[in-house]
Every structure is written in structure tokens, then in C-alpha cells.
Amino acid sequence: MSIFKTPAKDYDLQTTEFVCNKFGLAEFLAENFAEYNLKCANVLDVGCGAGALSIYLAEQFSAKVLAVDLNPQAAACCRANVKRYDLTKRISVAERNFADLYAKLEENSFQLILSNPPINFSSTENPAFAKEDFISMNYSKYQFLTNGWHDERGLDLTDYILLAGRTLLAEDGNIVLVCCDADGNSAEYMKNQADKYQYDLKLLCERKISVAELGMTSADRDFVRGYIWLLSR
Ligand SMILES: C[S@@+](CC[C@H](N)C(=O)[O-])C[C@H]1O[C@@H](n2cnc3c(N)ncnc32)[C@H](O)[C@@H]1O
């Protein structure tokens, strides 16, 4: 079990050592989300992990959520947590690679696509991340917590989220990404991605977050910068 703290309530979430089990970024989002007044009746949570963001939005904002994760252990924990908080009518969990799933989802059906994508998402060069098979990740490093999947063309989860947003977002819909800087250039990366997929990009919030809150045990620093990005069309 790991505790996920939100302004309204603390949640005890089932995790394993192979699932994102520190909720620093999810807590950062939860601290700030209400003030943005974003529509969130129908939400897609991409890379849901143990389900922190899905559970937060379903319980505190009455959102209907589709939660997706390719890690089987994450999907199993997420299902258990959804059941524990009696949210099975609001949250559906799909154990899928989002890259394979998004084209099958209904067009214009989400007011919010939300994700805390893999921590190293600004680094597209690291071959250790270019693996789809969760079990082949290097467990001795913090990478296993995030499973930064890339396809053979080097596209990562954010590429697919921004691609998917073009068809899946409702007219007034938005994408919100919460992430941190593992290598100092997340902001530049986000600007490039927004240009590439033609989104307006706004930095909603930025703050220092301790690596301990994120479970980055092998990181070579004590703090990283956390960001909440809004992408709209
Ligand atoms: C940083 S964790 C975030 C987990 C959770 N949303 C949270 O905030 O605690 C990123 C998650 O994305 C998942 N993921 C990475 N690539 C994915 C892909 N291509 N399709 C679906 N999930 C993916 C990982 O398995 C991991 O659970």
C-alpha cells in the first residue's frame, strides 16, 4: 500500500514494487487541479499506474474515466483500487499499450486527456526505454517505475497522447500533462511537441519536488522541477 494525499482526502492505494508507487506528481496535480476549472466529465487517464489520478477525478469531480496502462501489474493494482473505493461504475481500466488502443476509441468523446507520462519522457535516446515488454525493464534503476515505452520510430507516450488528442478530444477538451525534469529539458521538449502536433501550450504550474516523493532512488540530485502543462487546440 502507498498513500496518495489530495487536498480533500488521503487514499491508501495498492501498489507493487513494479508499479509507480510514489505519488509526488499525482499529488502535485491534485494540489492544483481545482483552480483550473477544467471540464472533466469524461476523462482518459493515459498511463494510469495504480490509478491515483483516475480515482481523484472520479471521486472528487464525478468524472467518468477510462484508465489505461500497459503494465499488467499497474492495471491489476488500478482495478483493485477502483474496487476498494467503490468506483467501478465511474472508472474502467484497460490493460493496453495506448499506442495500439487510441484509434479504437470514440472520436470527440473526452473533455480531458490526462497523463503523468514516464519521468524521462524528454529523453528519447535512451535504448533502455525502447522496450515494450515491461518485464525486460532494468529493475535496478528507477526506470522500471515508469516504463518509458517508445515504438520503433522513436515515438513515445506523449507523441501518442498528442496524436490521439486530435481526434479524441471533445470540442472544448484539453490535454493536461504533469511531469518532471529528469534531464533538465522537459520544458523545451514540451514546446517542441506542442509545435509538432499543433497545440497551444500553457504552463499552468511549476514547482520544486523532492526526488524522494517521486521514488527516483537512483537520481543524482535531491530535487527536480515539476510541471503541469495545458495543451489545447
Ligand atoms: C510515471 S507513471 C504514472 C502513473 C500514475 N498515473 C501516477 O500518476 O501515479 C507512468 C505510467 O505510464 C505507463 N505507460 C508507459 N508507456 C505506456 C504506453 N505506451 N501505454 C500505456 N501505458 C504506458 C507506465 O506503465 C506507468 O504506469
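What follows draws every value from the coordinates through simple rules; no lab data is involved. No experiment lies behind these values; they were computed from the predicted model shown. Every residue, glycine among them, receives a Cβ derived from its backbone with ideal geometry; neighbour counts consider all protein chains shown.
Miscellaneous remarks
- With the highest mean first, a sort of the peptides 156-162, 190-196 on other beta-carbon atoms found within 10 angstrom per residue produces 156-162, 190-196.
- Amide hydrogen proximity for A67: with H placed 1.01 Å from N in the peptide plane, the residues at 5 or more positions away or on another chain lying under 5 Å are D45, S92, V93, A94.
- Cross-link reach list, aspartates and glutamates versus K64, counting only Cα pairs under 19 Å and skipping chain neighbours closer than eight places: D45, D86, E95, E106, E107, E171, D172
- For K89, net neighbour charge (Lys/Arg +1, Asp/Glu -1) across residues whose Cβ lies under 15 Å away: +3
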